[in-house]
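See below for the structure under consideration.
The values are calculated or read from the model by the stated rules, or taken from the named source; none is laboratory data. Treat the numbers as computed from the prediction; the structure is a model and nothing was measured. Every residue, glycine as well, gets a Cβ built from its backbone with ideal geometry; the counts of neighbours run over all protein chains shown.
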Amino acid sequence: MVYFLLFFLFFLIVVSFCRKAYRENKNSLDYHSMSMHYYSLALQHWREHRNPNECLRVSAMYRLKRFQESDIKKVEISCVAGCANCNKAKKIYSIKEALKSTPIPNISCKFNLHNEGLVNGIGFCRCIYIPIIS
C-alpha cells in the first residue's frame, strides 16, 4: 500500500510539471501546428491546381510568430533547391520587417514541385525563414 501511495504521489508531481510545461509552451506549439496546417493546405491546393500562395504566406507568418515568441530578432530567407527567382530573394529581415512585408512566398517563384507543372504560371515557393541566433 505504501508503494502505491508513493507511486501515486510521484505520478501527481510529474503530471503537475507536464501541465506547467505545456502552459508555458502552448502558444509556441499552436504556432507550429498552425504553420504545418497551412503548409499542408498549400500542398493540397497545389495538387488541385489552385494557387497555394495565400496558404504559404499564412504558414510563414505563423513560423515568424513562433520565432518572435522565442525572442529571435532576425531571420534569413533560405531556399534550398528552389528556382532562380527565389535564390535572388535571399535576404536578412527583422521579424517585424518580415511580418510587414511578407516576402514569403516569393510571388515570382517558378519552382515546379514534383514536376506537376506550374499552376497558372505560379510556382510552389520553397523558401523558408531561418532564425539568426546571435
Quick one: in segment 108-134, of everything that is free of Cβ contacts under 8 Å to residues at least 40 places away in the same chain and part of a helix (DSSP H, G or I), which residue is surrounded by the most Cβ atoms within 10 Å (Cβ to Cβ)?
His114
Would you mind stating whether Ser59 is of a type in the set (Gly, Ala, Ser) and without any contact (Cβ under 8 Å) to a residue 24 or more places away in the chain?
no
Pairs please, first residue from segment 41-56 and under 14 Å from Lys110 (Cα atoms), second anywhere and part of a loop (DSSP other than H, G, I, E, B), Cβ atoms under 7 Å, 6+ apart in sequence or on different chains.
Trp46/Pro52; Trp46/Phe124; Asn51/Asn120; Pro52/Phe124; Asn53/Pro105; Asn53/Ile107
Out of the residues in segment 39-61 that are assigned to a loop (DSSP other than H, G, I, E, B) and touching a helix residue (DSSP H, G or I) at 6+ places or on another chain (Cβ under 8 Å), which is surrounded by the most Cβ atoms within 10 Å (Cβ to Cβ)?
Pro52
Selection from segment 62-107 of residues of a type in the set (A, V, I, L, M, F, W, C), without any contact (Cβ under 8 Å) to a residue 60 or more places away in the chain, within 10 Å of Tyr129 (Cβ to Cβ) and not in a loop (DSSP other than H, G, I, E, B) yields Val75, Ile77, Ile95, Ala98
Segment 1-58 - residue that is of a type in the set (Phe, Trp, Tyr) and at pLDDT 85 or above and, of those, nearest to Leu113 (Cα to Cα)
Trp46
